[in-house]
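Chemist: I have a structure I would like to understand better, so I am pasting it below and will then ask my questions one at a time.
The values are calculated or read from the model by the stated rules, or taken from the named source; none is laboratory data. Computed from a predicted structure; not experimentally measured. Methodologically, a virtual Cβ is constructed for each residue, glycine included, from the backbone with ideal geometry; neighbour enumeration extends over all protein chains shown.
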Amino acid sequence: MAPYFDGIDLTASIARIGPIFQVAWVPQNFEAALDYWLRVMGVGPFFIMEHIPMRDTEYYGQQTPVDMTVANSFWGNVQIELVRQHNADTTIYTTWRDSGQRGPHHMAIAAPDLAAAQARIEGAGGVIAQRGVVPGACEYWYYDLGGTGPYIEIGRANATFRNIHDQMKAAAGQWDGRDPVRYISASEYAVER
């Protein structure tokens, strides 16, 4: 183990960008993972957004289509996300899943200053692994830091999209185990096509 006797300079650390607000998994079996989070962990309800409309998606700078569904809930202040990609095109989701990876796929950081966050991550050696747009909802960047850990996600979302997530968080705080899986249509969170 490397000696840390002199301390670590944290002034440029990624952890100082902002708090983690989401931890996401790309499970081999989406339904089994959803059942695990609901029954074993007691996290819910999960809100499923199917076939999210994506635009301008790039994987390491190359255009790639993405057809994905996500299930989101909250455990306190942290959003739990499960991702299922339907198409076989190469993305950060398919490469993770197909290589048998387990554990957290990515962590999203609440970055109050997006440009400063990008500069800090890139200064730490991060490269954009994937980026894209959900029209009328959000724009996102996933960074690969070259280590063994998960990708780091940062992005910006409009008020409608943020409000949907606030409603998910409130529902999780009051959840009594009933109605564990709920669906949100694209028209509810993406206000343009």
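Chemist: Cβ contacts < 6 Å: first residue over 26 Å from Gly61 (Cβ atoms), restricted to the stretch 143-167; second residue hydrophobic (A, V, I, L, M, F, W, C) and part of a loop (DSSP other than H, G, I, E, B), any location; separation 6+ or different chain. Result?
Modeler: Matching pairs, first to second residue: Thr160/Val191.
Chemist: Name the single residue that is nearest to Trp141 (Cα to Cα) among those in the stretch 52-92 being assigned to a strand (DSSP E or B) and of a type in the set (Gly, Ala, Ser). Before the answer, list the steps.
Modeler: First pass over the stretch 52-92, keeping only residues assigned to a strand (DSSP E or B): 55-59, 62-63, 68-75, 78-85.
Narrowing the set further to residues that are of a type in the set (Gly, Ala, Ser) leaves 71, 73.
Values: Ala71: 19, Ser73: 21 Å.
Filtering the stretch 52-92 for residues that are assigned to a strand (DSSP E or B) and of a type in the set (Gly, Ala, Ser), the one nearest to Trp141 (Cα to Cα) comes out as Ala71.
Chemist: So Phe5 passes all but one of these: (1) surrounded by 13 or more Cβ atoms within 10 Å (Cβ to Cβ); (2) at pLDDT below 95; (3) not charged (D, E, K, R). Which condition number does it fail?
Modeler: Here Phe5 meets the rest and fails (1).
Chemist: Among the numbered criteria (1) without any contact (Cβ under 8 Å) to a residue 40 or more places away in the chain; (2) of a type outside the set (Gly, Ala, Ser); (3) surrounded by fewer than 19 Cβ atoms within 10 Å (Cβ to Cβ), which one does Ile128 miss?
Modeler: Failing condition for Ile128: (1).
Chemist: To continue, here is another question. Please indicate, with yes or no, whether at least one residue in the stretch 30-40 is part of a strand (DSSP E or B) and surrounded by 12 or more Cβ atoms within 10 Å (Cβ to Cβ).
Modeler: We begin by selecting, within the stretch 30-40, every residue part of a strand (DSSP E or B); these are none.
No: the stretch 30-40 contains no residue that is part of a strand (DSSP E or B) and surrounded by 12 or more Cβ atoms within 10 Å (Cβ to Cβ).
Chemist: What are the residues in the stretch 1-26 that are touching a residue at least 60 places away in the same chain (Cβ under 8 Å) and either within 30 Å of Thr94 (Cβ to Cβ) or within 17 Å of the chain's Cα centre (by Cα) (or both), if any?
Modeler: Ile14, Ile17, Gly18, Pro19, Ile20, Phe21, Gln22, Val23, Ala24, Trp25, Val26
This table checks each residue for (1) within 21 Å of Thr64 (Cβ to Cβ); (2) among the charged types (D, E, K, R); (3) at pLDDT below 95.
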position: Trp96; (1), (2), (3): yes, no, yes
position: Gly132; (1), (2), (3): yes, no, no
position: Met168; (1), (2), (3): no, no, no
position: Asp176; (1), (2), (3): no, yes, no
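Chemist: Only one of Pro104, Pro180 is at pLDDT 95 or above, surrounded by 12 or more Cβ atoms within 10 Å (Cβ to Cβ) and within 19 Å of Gly18 (Cβ to Cβ); which? Even if it seems obvious, please write down each step before you answer.
Modeler: Working: Pro180 fails: within 19 Å of Gly18 (Cβ to Cβ).
After ruling out the rest, the residue left standing is Pro104.
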